[in-house]
Each structure stands twice: as structure tokens, then as C-alpha cells.
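Engineer: Dropping a structure here in C-alpha cells format, bear with me for questions.
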Amino acid sequence: MNTRIILSLRNRRRITVFNRALLGALAAMALTACGGGDAEPEVPEVAQAPQGATVASTVTMTKVAFTNADGQALTGFLFQDSAATPRNAAVVMMHGCAGVWSYGVESKEAQPPIKALSHIHKRWGENLARAGYTGLLVDSFSARALTNECNNGSAGLNEATVRPKDAAAGRAWLLANQHAAAGRIALLGWSNGASAVMASMDQTNEGTPGSKPFKEAFAFYPGCGLINEFGGNASTADKTTWLPYAPVTIHHAATDPLYTDGKCSNRVSVATTLGAGNATGNAVAMTVHSAARHSFDQIDITKAIASPYTTADRDAQIAADAAVMDRLATIFSN
């Protein structure tokens, strides 16, 4: 197993791009067996010039519609930046158990403003777009008339068997609308959405062997029980058969119960034993951020840190965001 402990101040200066976006105000995060939550309020944001003068953002967000393999209608939010140098690559994003909306209030506008989204999705969508990627945030809840699945456990929308179909539908829409070529789409998710990312990347969801629909994936603080799919709930090493078809990196928090229960460690360890690695193009790694908590990347690093967050959460956000952006730049370098 490739597990690294990230110390407090590492890589801070590498993430200056993220300081352009103001995150939302803080609130308590729901943490459940289905993968944790990210139900947080936010405040409107503006792009800032280096001297602090307000400037117009060139990032656009467009609401789009598509259907998954079960015939379920879905919506998504497409992020692009006309001023960025295009990388001709895309990232599908999977939200957590609190959904996509700020304060959990769904916008009924045909084309909602960016500020209608919760800040973590807005921040990532905007920064991916500014870096030249097309970002697609898949909304698994609104079309299903769901608002918050954080307390529903296994009775809620299944992140191991259902939400991977939503991720696949988002990828198919990007391809059909020529926003990226096959082999140039990555997958990213948080909490419950990170669990959906892990499930999506299992070899049983690859389709044609060797096709690798998602080039690489990144999972932020997932719950690794995965509703007892892929060999079991991973409570012990003999209860997991999870093996991804392409590289997967988990960013977890050292104090998060979804990490300390050992299930993610078992998933990663057994996957490595089953053959996951660089040689076979499906390496698995888990970075554990020292002293950080669940949803560590939902604090506003431009403001004073407020309880329950600490400097460890700030440093974890800086390091994790930089690591993902650096890796995207590497795999989509040409």
C-alpha cells in the first residue's frame, strides 16, 4: 500500500491559483455511514485582481441535461473559461451526500448562476476551467427529487451501484458534445461522491477490457464500505475484491472516522496485492493528511480559520488541491 502522511506546511505555495476563489462561510458537516457530508452555507464571491480590484470572471457555467444507462434523466453543470488555454481534456465531478446547491436550496432557473452552487463545487469548477479543462459537475439528486442523502445510509441513493451510472452518463455527454476525446477525461469526487468514484473505477465497471473510460480518478475522503459491493465492506482484507482499471488516488484525513475505520486502507492494500500498480497502469495510492478532518477542503483558506477547522485542514486543502491539479497537468500534458 502506498500511503503518505502530508505534514502541515507542505506545498502551500503551489496552490496560489486557488486563492483567487473565495469559499463560503463555515458550518458543521454531516458525517454518515454512506460517506459523509458537505452541507455548508456560502457567501457570494468575486474574482480578484492581484491588487484587490474586482475584475470580471471569464468562467461560464451552463446547465446541461443527459440520461444515464437506466433511462434516468440527469442534469449537470458545465464549466469553461474562454480566456484559458484549452487542454482539450475534461473532468467529471461527483458531489457529496448534500448535493450541489448552496444551503441545499435548488435553483429553479433555466440557467442558474454560479453562486447557486455550494462553494466547493463552484471553486473546483471555476479553477478547473481557469486551468484550461472542461469541468462537468454531475447532479445526481435534483432530477430524482432528492436534496440530502447524508442520513440515509444504505437506504439512500446507492453510491456503489447507481451513481457510477451517472458518472458514466456525464462522460458520454462530454464525448457526444465534443468537449473531450476518449482517453482525456478524469473523474473527481468528494465524500459520498468519492465513494461513487471508487466504485466507478472498479474493473467491473470498465466495460470493454482495456478501454479505460476514465483516464484517472481522485477521491476525497470517501467511505470505503461501498454498500458491501466489490467483495464486501472491506472491514477486513478478505472482504474486498476492489481493483481499479486505471490509477486512483485517495486523499483522506487522519482524524476522519471514514479513514480510521481501516476500510480504505484495506481496499488499497488488497488492490495492490491483486496487481494494481504502475506496470499495469492502475496504480492505487492513498495520501493521508496529518491531523485533518472530514471535509477538510471546505474551509475558506483566505480567511481566519474557525472551529471546527484547524490549520491542519487548511494545509491539507492546499496540499491535496495542488496534488490533483499537478497530476491533471501531467496526464493531460499533450
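The values are calculated or read from the model by the stated rules, or taken from the named source; none is laboratory data. Computed from a predicted model, the values in this text were never measured in an experiment. So basically every Cβ, Gly included, is an ideal-geometry build from the backbone, and we count neighbours across all protein chains shown.
Engineer: Being of a type in the set (Val, Ile, Thr) and part of a loop (DSSP other than H, G, I, E, B): is that true of Thr204 here?
Structural biologist: no
Engineer: Quick check on segment 135-161: of everything there that is in a helix (DSSP H, G or I) and polar (S, T, N, Q), which residue is farthest from Ala199 (Cα to Cα)?
Structural biologist: The selected residue is Ser142.
Engineer: Further question on the same structure: Can you name the residue in segment 144-159 that is aliphatic (A, V, I, L, M) and surrounded by 13 or more Cβ atoms within 10 Å (Cβ to Cβ) and, of all such residues, is nearest to Gly99 (Cα to Cα)?
Structural biologist: Result: Leu146.
Engineer: Within segment 234-246, identify whether any single residue is assigned to a strand (DSSP E or B), within 17 Å of the chain's Cα centre (by Cα) and modelled with pLDDT of 95 or more, and answer yes or no.
Structural biologist: Yes, segment 234-246 contains at least one residue that is assigned to a strand (DSSP E or B), within 17 Å of the chain's Cα centre (by Cα) and modelled with pLDDT of 95 or more.
Engineer: Among Ala283, Ala291, which is the only one that is closer than 28 Å to Tyr133 by Cα and surrounded by fewer than 22 Cβ atoms within 10 Å (Cβ to Cβ)?
Structural biologist: Ala283
Engineer: Here's another thing I want to ask about it. Collect the residues in segment 228-280 that are closer than 25 Å to Gln298 by Cα and of a type in the set (S, T, N, Q), keeping them in residue-number order.
Structural biologist: Of everything in segment 228-280, those that are closer than 25 Å to Gln298 by Cα and of a type in the set (S, T, N, Q) turn out to be Thr249, Thr255, Thr260, Ser265.
Engineer: Residues Asn192, Asn282, Asn266: which one is polar (S, T, N, Q) and out of contact with any Cys (no Cβ under 9 Å at 6 or more places or on another chain)?
Structural biologist: Unique residue meeting the criteria: Asn282.
Engineer: Got a number for residues in segment 197-226 being of a type in the set (Val, Ile, Thr) and under 26 Å from Ala320 (Cα atoms)?
Structural biologist: So the count comes out to 1.
Engineer: Please work out if Ala285 is in contact with a His (Cβ under 9 Å, 6 or more places away or on another chain), among the hydrophobic types (A, V, I, L, M, F, W, C) and within 19 Å of Ser191 (Cα to Cα).
Structural biologist: no
Engineer: Show the residue pairs meeting these rules: Cβ distance below 6 Å; 6+ apart or different chains; first residue within segment 249-268 and at pLDDT 95 or above; second residue in a helix (DSSP H, G or I) and small (Gly, Ala, Ser).
Structural biologist: Qualifying pairs under 6 Å: His251/Ala320; Asn266/Ala237.
Engineer: So which of Val105, Val92 ends up being β-branched (Val, Ile, Thr) and either within 21 Å of Ser57 (Cα to Cα) or buried (at least 21 other Cβ atoms within 10 Å of the Cβ) (or both)?
Structural biologist: Val92
Engineer: Say whether the condition of being in contact with a His (Cβ under 9 Å, 6 or more places away or on another chain), at pLDDT below 95 and closer than 30 Å to Glu126 by Cβ is met by at least one residue in segment 308-326.
Structural biologist: Checked segment 308-326: no residue is in contact with a His (Cβ under 9 Å, 6 or more places away or on another chain), at pLDDT below 95 and closer than 30 Å to Glu126 by Cβ.
Engineer: Something else now. I'd like to verify a number: residues in segment 304-323 that are surrounded by fewer than 22 Cβ atoms within 10 Å (Cβ to Cβ) and in contact (Cβ under 8 Å) with a residue 60 or more places away in the chain, how many?
Structural biologist: Qualifying residue count for the region: 7.
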